[in-house]
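Asks: Take a look at the following structure, please.
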Amino acid sequence: QVQLVESGGGLVQAGESLRLSCAASGNILTFNVMGWYRQAPGKQRELVATIGTGGSTNYADSVKGRFTISRDKAKNTVYLQMNSLKPEDTAVYYCNLVHRLGDNWGQGTQVTVSS
């Protein structure tokens with residue numbers, strides 16, 4: 001069982017920044033991929049960014065150049081630095097951890113960007 005706890009969401013104006021954090025605990029295998037997904041009202045959940053234990057990253061085209069994902073392996077924590085936020089970034093952001101034992105999700109944190 002893996003627990004994921006997100007923090008750092010909030011309300012900001014367009015152009016501002018936010019940093020999300022997600023702390024993982026429990027039975028976490030050495031090789032895993034952590035990431036962030038988001039779901040806006042009336043839309044499907046979509047990939048934002050992922051990072052593997054080796055440091056390889058993957059970003060959605062819509063956030064490339066604005067968002068940066070990083071992780072602290074010792075703390076089993078993943079971060080998402082979000083700069084130059086846009087109203088279309090408004091969504092619930094979910095932390096995800098995938099390893100051989102399965103797929104795990106956090107409860108989500110709301111990010112709202114006003115214009």
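Asks: What number of residues within the range 1-23 satisfy the criterion of being closer than 15 Å to residue 93 by Cβ and open to solvent by less than 80 Å² (accessible area, probe 1.4 Å)? Let's see the steps before the verdict.
Replies: Restricting attention to the range 1-23, the residues satisfying the condition of being closer than 15 Å to residue 93 by Cβ are 4-12, 17-23.
Right, trim to open to solvent by less than 80 Å² (accessible area, probe 1.4 Å) and you get 4, 6-10, 12, 17-18, 20-23.
Of the residues in that region, 13 qualify.
Asks: Residue 25 passes all but one of (1) within 23 Å of residue 75 (Cα to Cα); (2) under 15 Å from the mean Cα position of the chain (by Cα); (3) hydroxyl-bearing (Ser, Thr, Tyr); which number fails?
Replies: Checking residue 25 against (1) within 23 Å of residue 75 (Cα to Cα); (2) under 15 Å from the mean Cα position of the chain (by Cα); (3) hydroxyl-bearing (Ser, Thr, Tyr), the one that fails is (2).
A quick yes/no check of all residues on (1) among the small types (Gly, Ala, Ser); (2) free of Cβ contacts under 8 Å to residues at least 60 places away in the same chain:
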{"position": "17", "(1), (2)": "yes, no"}
{"position": "32", "(1), (2)": "no, no"}
{"position": "44", "(1), (2)": "no, yes"}
{"position": "57", "(1), (2)": "no, yes"}
{"position": "65", "(1), (2)": "yes, yes"}
{"position": "76", "(1), (2)": "no, yes"}
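Asks: If you go through the range 24-42 one residue at a time, how many are of a type outside the set (S, T, N, Q), closer than 17 Å to residue 91 by Cβ and surrounded by fewer than 16 Cβ atoms within 10 Å (Cβ to Cβ)? Break it down stepwise before answering.
Replies: Quick first cut of the range 24-42, residues of a type outside the set (S, T, N, Q) only: 24, 26, 28-29, 31, 33-38, 40-42.
With closer than 17 Å to residue 91 by Cβ added as a condition, the list becomes 35-38, 40-42.
Now narrow it down to the ones that are surrounded by fewer than 16 Cβ atoms within 10 Å (Cβ to Cβ): 40-42.
Total satisfying the criteria: 3.
Asks: Restricting to the range 57-111, name every residue that is open to solvent by 50 Å² or more (accessible area, probe 1.4 Å) and among the β-branched types (Val, Ile, Thr).
Replies: 57, 68, 98
Asks: Could you check residue 67 against (1) more than 14 Å from residue 35 (Cβ to Cβ); (2) in contact with a helix residue (DSSP H, G or I) (Cβ under 9 Å, 6 or more places away or on another chain) and say which number it fails?
Replies: Every listed condition holds for residue 67 apart from (1).
The values are calculated or read from the model by the stated rules, or taken from the named source; none is laboratory data. Only a predicted model underlies this, so the values are computations on that prediction, with no experimental measurement involved. Quick reminder, even Gly has a Cβ in these numbers, built from the backbone with ideal geometry, and neighbours come from all protein chains shown. For the accessible areas, the whole protein counts, side chains as well, though only heavy atoms, and no ligand, DNA or RNA atoms are used. Shrake-Rupley method; radii C 1.70, N 1.55, O 1.52, S 1.80 Å.
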